[in-house]
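Just dropping this structure here.
The values are calculated or read from the model by the stated rules, or taken from the named source; none is laboratory data. The shown structure was predicted, so the numbers you read here are calculated from the model rather than taken from an experiment. All Cβ positions, glycine included, derive from the backbone under ideal geometry; neighbour counts span all protein chains shown.
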Amino acid sequence: MTQRPSTDPELVALADRIEAWLERQRTDNPVVAAVERDEESGERRWFVRVRGEAKDVFTIWFHLQQRTLHYETYVMPAPEENAGTLYEYLLRQNARLYGAAFAIGVEDAVFLVGQLGNDAIDDDELDRVLGSLYMWVERFFAPALRIGFASRFAG
């Protein structure tokens, strides 16, 4: 079923809901280091800096569009070696993920990407997205690095 495009007033209301949720995350969630709205592009986009353990800091981008809220985070650069093994590993992990998937992006870098329909945007779903992306980066970052940059970890 195709998501109906949100009207301008609906997009304003959704952006306000996301802004309020992000402000609560910034003040109450210890893993959220900073929140910034992309004011320059004219689009409804936010950047959330997250403190991790396996990966010290990473950014989650949220982009509210007419039909969906797109979200993504950069996981790691393109592998220097074992690319096939790394991509197979990540594809196998995709089967276990809900609401996002590993993808190859610009310059063959690895990202986690996902989207949800605008009608599904609420605090619980936003919490799930943030928590899931955090958990998956923490879980898969180090193993992926060890595969894609194996010689740097040898010996």
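Tell me yes or no: at least one residue of the range 61-77 is out of contact with any Phe, Trp or Tyr (no Cβ under 8 Å at 6 or more places or on another chain) and within 28 Å of S151 (Cβ to Cβ).
yes
Condition check ((1) closer than 15 Å to I121 by Cβ; (2) in a strand (DSSP E or B); (3) modelled with pLDDT under 95; (4) not aromatic (F, W, Y)) across all residues:
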site	(1), (2), (3), (4)
Q3	yes, no, yes, yes
D16	yes, no, no, yes
E19	yes, no, no, yes
R26	no, no, no, yes
W46	yes, yes, no, no
R49	no, yes, no, yes
A78	no, no, no, yes
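From V113, V129, grab the single residue that is out of contact with any Asp or Glu (no Cβ under 6 Å at 6 or more places or on another chain) and either modelled with pLDDT of 95 or more or under 14 Å from L97 (Cβ atoms) (or both). Write out each step before concluding.
Details: V113 fails: out of contact with any Asp or Glu (no Cβ under 6 Å at 6 or more places or on another chain).
That would be V129, the only listed residue that is out of contact with any Asp or Glu (no Cβ under 6 Å at 6 or more places or on another chain) and either modelled with pLDDT of 95 or more or under 14 Å from L97 (Cβ atoms) (or both).
How about the range 83-155: which helices (runs of 4 or more DSSP H) wholly inside it have at least 3 residues that are touching a residue at least 40 places away in the same chain (Cβ under 8 Å) and within 30 Å of V12 (Cβ to Cβ)?
123-148
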